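What follows is a short report on a single structure.
The values are calculated or read from the model by the stated rules, or taken from the named source; none is laboratory data. No experiment lies behind these values; they were computed from the predicted model shown. As a convention, Cβ positions derive from the backbone with ideal geometry for all residues, glycine included, and neighbour counts pool all protein chains shown. With ligands, DNA and RNA removed, areas are computed over all heavy atoms of the protein, side chains included. Shrake-Rupley method; radii C 1.70, N 1.55, O 1.52, S 1.80 Å.
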Amino acid sequence: MQIDIGIPDFSALMSDVEGGIAKAATAAMRETTKPTVAELREQITSNGLGTRLANTWRDRVYPERRESITPSGYIWSNAPEIVDSFVRGATIRPVAGRKYLWIPTKNVPRARGRGRATSTKRMTPDEVQAELNQEFVIL
């Protein structure tokens, strides 16, 4: 003789509870990483470093496609050396013991003859002097 007293299946009940916890934990992790990346990007742009550097910040939540009781969020930059140099306040110096640092601005013409009709590279100091037929005067 078997008596059924109406106690629900404990393993099914725990599976439902675990699924709800996993869904909430994963959602919380996803909702945490996005504003953190937005805050990091805001810090970069508010300090005048531009949107290009700010957009190097990325995030990912694991597992990517399902829920987990123990999700993990990972935030990183695709340009960690640049970000680190600004954080530490590193001194930028010219290479090979040169005296001056060449920083091409938007006023420096694009280089010609580098394999394309419209190059994305700016001219070097020597190319600018040759193109403009003038020596640089450093004051």
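In this structure the stretch 56-99 gives 81 Å² per residue of accessible area when probed at 1.4 Å with all protein chains present. Leaving out same-chain residues fewer than 8 places away, which lysines sit with a Cα under 25 Å from that of Lys34? Correct list for Lys34: Lys23. Taking a ≥ b ≥ c as the square roots of the eigenvalues of the Cα gyration tensor, the stretch 40-139 is prolate, since a/c reaches 1.5 or more and a/b is larger than b/c.
Using a probe of 1.4 Å, the accessible surface attributed to Trp102 totals some 90 Å² when neighbouring protein chains are kept in position.
Straight-line cross-link partners of Lys106 among the lysines, defined as a Cα under 26 Å from its Cα and at least 8 positions apart when in the same chain: Lys121. Expressed as a whole percentage, what fraction of the accessible surface of the stretch 43-86 belongs to carbon and sulfur atoms when a 1.4 Å probe is rolled over the protein heavy atoms? After summing per-atom areas, the C and S share lands at 47 percent.
As a calculated quantity, the FRET efficiency between Arg98 and Ala38 at R0 = 35 Å, using C-beta atoms, amounts to about 0.35.
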